[in-house]
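The values are calculated or read from the model by the stated rules, or taken from the named source; none is laboratory data. Treat the numbers as computed from the prediction; the structure is a model and nothing was measured. Please note: Cβ atoms are built from the backbone with ideal geometry, for glycine as well, and neighbour counts cover all protein chains shown. Calculation scope for accessible area: heavy atoms of the full protein, side chains included, ligands and nucleic acids excluded. Shrake-Rupley method; radii C 1.70, N 1.55, O 1.52, S 1.80 Å.
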Amino acid sequence: MESGGLDTATCDQMIENVIGRYSLPFAVGLNFRINDRDMLLPMVIEEPSVVAAASNAARMIRAGGGFKAEVSAPIMIAQVQLLDIADPEQACRQLMAREAEIIALAREHSESLVRRGGGPVSIEARILSRPGQPDGGMVVVHLHVDVRDAMGANLVNTVAEGVAELLAEISGGTVGLRILSNLATQRTVKISASIPDEALAGQDGAKVRDAIISASRFAELDTYRAATHNKGIMNGVDAVLMSTANDWRSVEAGAHAYAAKDGGYRPLAVWSAGPGGLYGEMTLPLAVGTVGGSLQVHAAAKFALRLLGSESAADLAAASAAAGLACNLAALRALATEGIQRGHMALHGRIVEGANKTRSDAHHEERP
Ligand code: MEV
């Protein structure tokens, strides 16, 4: 762990032009109870107060029975773009009519996944543009692939490349891009929590609950606020993903696209009044893996999974979502009451103090 879980030789094999390693603090999120199971959350983040705030909110949520998580099947989407199609309607009909044949070929390109109980399950074809329009006849085919415990990017990209020629032949078009979509709408987590008023703020609980609901409404009514609201959620989500060497950029891209899927950009988590307290709910796509990728070679990421107590991608997704919802609750509670700066700056002060001390120690060492 002291090395941050990686040696330079391994780094050199992971990416190009390596000149060293770069460390971040590795912390533990406390008090999390998810689907009646206690969990320690590994969190890697540079920002002060996120871990403390998440742990504090998780303690309040625990008082209401903990987080409830519903994790979908791990279905990723691979996209194949088809161009120069003379009759897009007919192309879509023919593609769907030959779905079984396409899936059979796709399964040949994902044998190890099929052996593990996953693999391509279905397709969908959509018209993006028609002949005569500036982009000509363009169709996209989605291949839905169950990737089990993998993040799945490489697996679905291989499948997309493997079937693209057949799709072009069936549609009478030519092959364009073949790549996963980071908007993993079929690989989602719905996370919710209920907090009794008194767990929010003792006697002032009802007042604080209403202030949090009003803060949540602000994000529903205003995109500028929604962006910050969602950023606070991603503080928690990304910290868990970073600790397990997951591709947090893909989850970020998916989360924000999902937040805008109905036209306007929306808050991912929304808080309302529930029986006897506050109720919060959030759904977001979470394409995360516990096998393959950088995780294989990263000792700290492997340790993070041991800390979590699970090797299942579904559990990791639930934990990331719980961290996100906890961070959101903590932020809204602070913002709607004393303001963010008091608690945040107290912890920030520790850094400044620590940095000054390090500087002054170094100064003294130089001049004995
Ligand atoms: C800071 O990293 C996150 C917050 O701005 C989130 C929010 O405003 O909800 C505090």
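Quick one, what does Rg over Rh come out to for segment 156-221 if you take C-alpha atoms and the Kirkwood Rh? It would help to have the intermediate numbers written out before the result.
Working: Rg = 24.2 Å, Rh = 16.7 Å.
The Rg/Rh ratio comes out at 1.45.
Computed from Cα atoms, the angle from the helix 299-308 axis to the main principal axis of the chain rounds to 80 degrees.
Based on protein heavy atoms only, the chain ends up with 48 Å² per residue of surface accessible to a 1.4 Å probe.
If a/c stays under 1.5 just call it rounded; otherwise compare a/b with b/c (prolate if a/b is bigger, oblate if not). Do that for segment 63-138, with a ≥ b ≥ c from the square roots of the Cα gyration tensor eigenvalues.
On the way: a/c = 3.44, a/b = 1.65, b/c = 2.08.
Since a/c reaches 1.5 but b/c is at least a/b, the shape of segment 63-138 is classed as oblate.
Is the chain rounded, prolate or oblate when judged by the Cα gyration tensor, a ≥ b ≥ c being the square roots of its eigenvalues, rounded requiring a/c under 1.5 and prolate requiring a/b larger than b/c? Mind showing how you got there, number by number?
Numbers: a/c = 2.14, a/b = 1.51, b/c = 1.42.
Because a/c hits 1.5 or more and a/b exceeds b/c, the chain counts as prolate.
Can you find, among 213, 186, 17, the residue sitting farthest towards the positive end of the charge dipole of the chain, where Lys and Arg contribute +1 and Asp and Glu -1 at Cβ? In the chain, that residue is 213. For the chain, the longest principal axis of the Cα atoms and the long axis of helix 153-171 meet at an angle of about 30 degrees.
Packing around the peptides 232-244, 165-177, 47-59, 216-228, taken as the average count of other Cβ atoms within 10 Å per residue, puts them in this order, highest first: 232-244, 47-59, 165-177, 216-228.
Note on residue 231: lysines with a C-alpha under 27 Å away, same-chain residues under 8 apart excluded, are 68, 190, 207, 261, 302. Against the main long axis of the alpha-carbon atoms of the chain, helix 223-243 sits at an angle near 90°.
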